[in-house]
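Here's the structure we're looking at; comments come further down.
The values are calculated or read from the model by the stated rules, or taken from the named source; none is laboratory data. Just so it is clear, the structure is predicted and the values come from calculations on it, not from any experiment. All Cβ positions, glycine included, derive from the backbone under ideal geometry; neighbour counts span all protein chains shown.
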């Protein structure tokens with residue numbers, strides 16, 4: 001039950017105290033995000049780990065001046081591919097076969113079938129699908145942060161175009177999807193800290209169909 005207890009402890013921290021998160025904890029959270037499942041193991045997203053204060057100040061402006069971005073220790077930016085291509089798929093499967101000690105063409109049939117499926121959709125579908133995969137990684141990062149007793153605040157309230165420009169994401173074929181400041185709660189000044197966590201009752205949330 002430890003994960004459930006950790007999730008009961010966490011909340012969307014509104015005010016952080018500026019204390020630095022130890023690097024080993026940041027690394028742990030990022031590793032949990034890296035190990036997240038993704039469709040066909042493609043991982044069509046990347047995570048930017050930002051601690052540069054000048055850069056964080058610029059990002060804060062693009063994120064409606066939310067203070068956690070600069071009062072926190074690190075900011076994780078989850079950025080998804082802007083589209084699938086055969087070259088990108090090839091790169092993923094080449095790495096897989098090499099690391100598994102398999103012949104280079106061992107997964108060609110599956111790869112070609114997968115690409116035929118993905119190629120049948122347009123770029124808007126690709127971007128949406130990649131973003132969904134990024135959110136899986138994002139969720140595990142939140143859980144890992146809670147396990148490490150590091151506060152984290154999920155944020156979608158930012159200007160994605162401005163953030164992409166600040167970070168040069170377009171040139172990398174990426175789009176910012178969601179961001180996650182990491183830090184520690186300001187126990188004296190966070191209005192949300194002592195309020196009861198409220199969620200939908202279990203019987204209204206999970207429908208059992210036996």
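Structure notes:
- Unmet requirement for residue 34, which otherwise passes all of (1) closer than 17 Å to residue 75 by Cα; (2) touching a residue at least 60 places away in the same chain (Cβ under 8 Å); (3) surrounded by fewer than 16 Cβ atoms within 10 Å (Cβ to Cβ); (4) more than 14 Å from the chain's Cα centre (by Cα): (4)
- Among the conditions (1) in contact (Cβ under 8 Å) with a residue 60 or more places away in the chain; (2) surrounded by fewer than 16 Cβ atoms within 10 Å (Cβ to Cβ); (3) out of contact with any strand residue (DSSP E or B) (no Cβ under 8 Å at 6 or more places or on another chain); (4) on the phi < 0 side of the Ramachandran plot, residue 22 misses just one, which is (1).
- When region 87-107 is limited to residues that are free of Cβ contacts under 8 Å to residues at least 24 places away in the same chain, in a helix (DSSP H, G or I) and touching a helix residue (DSSP H, G or I) at 6+ places or on another chain (Cβ under 8 Å), the one that is surrounded by the fewest Cβ atoms within 10 Å (Cβ to Cβ) turns out to be 90.
- Any hit, region 135-145, residues being touching a strand residue (DSSP E or B) at 6+ places or on another chain (Cβ under 9 Å), free of Cβ contacts under 8 Å to residues at least 60 places away in the same chain and assigned to a helix (DSSP H, G or I): yes
- Residues satisfying the stated conditions in region 8-45, i.e. over 13 Å from residue 141 (Cβ atoms), in contact with a helix residue (DSSP H, G or I) (Cβ under 8 Å, 6 or more places away or on another chain) and not in a loop (DSSP other than H, G, I, E, B): 9, 16, 39, 40, 41
- Enumeration of residues in region 108-122 that are farther than 13 Å from residue 40 by Cα and surrounded by 11 or more Cβ atoms within 10 Å (Cβ to Cβ): 108, 119, 121
- Here 80, 131 are screened, and the one residue that is at pLDDT 95 or above, touching a strand residue (DSSP E or B) at 6+ places or on another chain (Cβ under 8 Å), surrounded by 11 or more Cβ atoms within 10 Å (Cβ to Cβ) and not in a helix (DSSP H, G or I) is 80.
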